[in-house]
1. Can you pull out every residue in the stretch 60-88 that is outside any helix (DSSP H, G or I) and modelled with pLDDT under 75?
2. Please specify each residue of the stretch 1-28 satisfying the condition of being closer than 20 Å to Asn64 by Cα, surrounded by fewer than 17 Cβ atoms within 10 Å (Cβ to Cβ) and among the aliphatic types (A, V, I, L, M).
3. Find all pairs meeting these conditions: Cβ atoms under 8 angstrom apart; at least six residues apart or on different chains; first residue within the stretch 49-68 and touching a residue at least 40 places away in the same chain (Cβ under 8 Å) and under 16 Å from Gly37 (Cβ atoms); second residue assigned to a loop (DSSP other than H, G, I, E, B) and polar (S, T, N, Q).
4. Of all the residues that make up the stretch 29-41, how many are surrounded by fewer than 13 Cβ atoms within 10 Å (Cβ to Cβ) and in a helix (DSSP H, G or I)?
Amino acid sequence: MPRLLTGNRLETGDVLWWTGRDWSPLIRDAVAIGDEGDALIASLVAAERINDPALIDVTGTPGNWLPTTTRERVRASGPSVRADLARGSLSTDVI
């Protein structure tokens, strides 16, 4: 089963997917990771400021990936709240 490398940008929390050269917010840009997954995580995460890195199982083909778990499907499809209810980037937001 193919696996993808995913994580969250430390500064914003955005979900990111490894493209083989860089990170993308779109799962369709991701590339399957082979046996080098753990070594790739170790080499990229600290330098790229990526939080919660994980190799996840997917089905499908490049450009048409489908995560096998509900959690990862939600992460791949975007926020699960209405955009008008999500916390914005205003300095008045309570943390």
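1. Pro79, Ser80, Val81, Arg82, Ala86, Arg87, Gly88
2. Once the filter is applied, which keeps residues that are closer than 20 Å to Asn64 by Cα, surrounded by fewer than 17 Cβ atoms within 10 Å (Cβ to Cβ) and among the aliphatic types (A, V, I, L, M), the stretch 1-28 yields Met1, Leu26.
3. Taking only residues 6 or more apart or on different chains, the pairs are Ile56/Thr68; Ile56/Thr69; Asp57/Thr68; Asp57/Thr69; Val58/Thr68.
4. Residues meeting the conditions: 2.
The values are calculated or read from the model by the stated rules, or taken from the named source; none is laboratory data. Predicted model, so just to flag it, every value in this text is computed and none were measured. Ideal geometry is used to build each Cβ from the backbone, glycine not excepted, and the neighbour counts take in all protein chains shown.
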